[in-house]
Amino acid sequence: MKGTLLEANEFINNFTKKLREKNITHQFEWSEVDENDEEVGEEYEISFP
């Protein structure tokens, strides 16, 4: 996803909420990247269950 880290967090939180409601197993990892697609900052992960 291209966008800000805040936009990515909001999208993933909304999407994973829907997956959890349907009891669908999932795992996502994401981090912020710079204009050269190099990771900067922390990496985040969410998984269910």
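The values are calculated or read from the model by the stated rules, or taken from the named source; none is laboratory data. In this text, all values refer to a predicted model and were calculated from it rather than measured experimentally. The protein model used for the area step is the full one, side chains on, heavy atoms only, and it has no ligands, DNA or RNA in it. Shrake-Rupley method; radii C 1.70, N 1.55, O 1.52, S 1.80 Å.
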Task: Cα pair count fraction exceeding 14 Å, expressed as % - the chain - done: 53 percent
Open item on the list: Taking the solvent-accessible surface of protein heavy atoms with a 1.4 Å probe, what is the per residue accessible area of the chain in Å²?
Closed with: 85 Å²
TODO: Report, by chain and number, residues whose modeled amide H sits under 5 Å from the one on Ser31, excluding near sequence neighbours (fewer than 5 apart, same chain).
DONE: Tyr44
